[in-house]
Structure formats: C-alpha cells, structure tokens
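Below: the structure, in structure tokens.
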Amino acid sequence: MVPKAQVVGVLVNPNYAAAESQLRDVQDSAAHLGLRLIIVRANTENDFDTAFSTVVSQRAGAILVCASPFFNARRQQLVVLASSHALPAIFEWRDFAVAGGLMSYGTSLSNAYRQAGVYAGRILKGEKPSDLPVVQSTKFEFVINLSTAKALHIDVPPTLSARADEIIE
C-alpha cells in the first residue's frame with residue numbers, strides 16, 4: 001500500500017503477553033524485506049501521543065499497531081492519531097478499519113466467537129472440556145478503508161483491493 005516506505009513504526013503494548021512474540025515476528029519480516037523499524041511502546045493512553053510523535057519525527061512512512069486488547073479498547077483514539085499525523089496504519093482487527101483506519105489484517109473475531117459458541121454447545125451437551133481439541137483461528141480478514149486511503153492520497157492498487165475480504169467505501 002505504501003511501497004516507498006523504508007521506515008515503519010511499530011506500536012506495541014509491553015504489558016500484553018504476546019508482545020515479545022509479536023516483535024520477533026515483525027523484526028524477522030522487516031529484516032527479510034529490508035525495512036527499518038521504529039519500535040514504540042505504549043501501555044497507557046498518555047503514551048500514545050509520544051509514540052506517534054516519535055514515529056513521525058523519525059520519518060516513518062507507515063505504522064503497524066500490534067494486537068492488544070488495550071489498543072482495541074482505544075481504537076478510535078489510535079485511528080484519530082494516525083489520521084492527524086497523516087500516517088498510513090495497519091491494525092489487526094477489522095474494527096479499526098471500520099473506525100477509519102487505513103487497513104487491517106488479522107484473525108476474524110466473528111469466526112472466533114462462532115467457534116467459542118460451538119465449544120459452549122458441545123460442553124452443554126455433555127462433552128468434557130478436557131476432551132475438546134485446541135483450535136486456532138484459520139480465517140483471516142484483510143480490510144481496506146478507501147475513504148481513509150483517499151484522505152491520505154494513497155492509490156490502492158487494483159491487485160491489492162482484489163485481495164481484500166472487505167472494502168469500506
């Protein structure tokens with residue numbers, strides 16, 4: 001979406017249990033792609049302004065907001081910050097793109113909730129929880145918000161929009 005970006009900001013919540021794993025994955029991918037990362041951490045709302053200012057001052061061409069329930073609960077604030085800094089941002093859950101974020105790519109929460117319902121039904125029918133298999137989400141969603149892309153003066157390549165599971169006008 002932003003092919004000329006050589007520097008990418010990464011916002012991570014250090015209090016989130018999966019934070020270190022997320023950072024390892026992002027760092028491995030960045031090394032493979034030849035990108036420089038600016039890793040910023042936030043675990044309070046007051047950290048957000050400083051984190052975004054740091055990313056912008058170091059001339060990042062985009063920002064990845066890692067998954068975190070804390071971030072999800074403050075998605076509107078994060079979307080507004082990305083917009084006010086004219087910073088293309090990708091988030092994990094589609095709710096961020098719906099709220100005005102540029103794009104999201106991550107597991108389908110509705111599919112995960114459906115699977116939780118299936119498990120609850122099996123337990124209510126008498127199956128022992130310990131006998132149920134562990135299931136990981138296998139359905140991922142890629143969502144692009146075209147209004148946000150337009151506001152950021154980003155042309156979405158047709159090949160990319162064709163890959164999206166959902167386009168928000």
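Every number here is computed from the coordinates shown, using simple stated rules; none is lab data. Remember, predicted model here, so these are calculated numbers, not experimental data. Cβ sites come from the backbone with ideal geometry, for glycine too, and all protein chains shown count toward neighbours.
What pairs come up if the first residue lies in the stretch 79-98 and is more than 18 Å from VAL2 (Cβ to Cβ), the second is charged (D, E, K, R) and surrounded by fewer than 16 Cβ atoms within 10 Å (Cβ to Cβ), and their beta carbons are under 7 Å apart, counting only those six or more places apart or on different chains?
Correct list of pairs: ARG94/GLU166.
What are the pairs, 6+ residues apart or on separate chains, where a residue within the stretch 18-40 that is within 14 Å of LEU64 (Cβ to Cβ) has its Cβ under 6 Å from a residue that is in a strand (DSSP E or B) and not hydrophobic (A, V, I, L, M, F, W, C)?
The qualifying pairs are ILE38/GLY9.
Residues being within 10 Å of VAL143 (Cα to Cα) and crowded, with 17+ Cβ neighbours inside 10 Å: count how many of those fall in the stretch 96-114.
So the first thing to find is which residues in the stretch 96-114 are within 10 Å of VAL143 (Cα to Cα), and the list is 96-98, 101-106.
Checking the rest, the ones that are also crowded, with 17+ Cβ neighbours inside 10 Å come to 96-97, 101-106.
Within the stretch 96-114, residues that are within 10 Å of VAL143 (Cα to Cα) and crowded, with 17+ Cβ neighbours inside 10 Å number 8.
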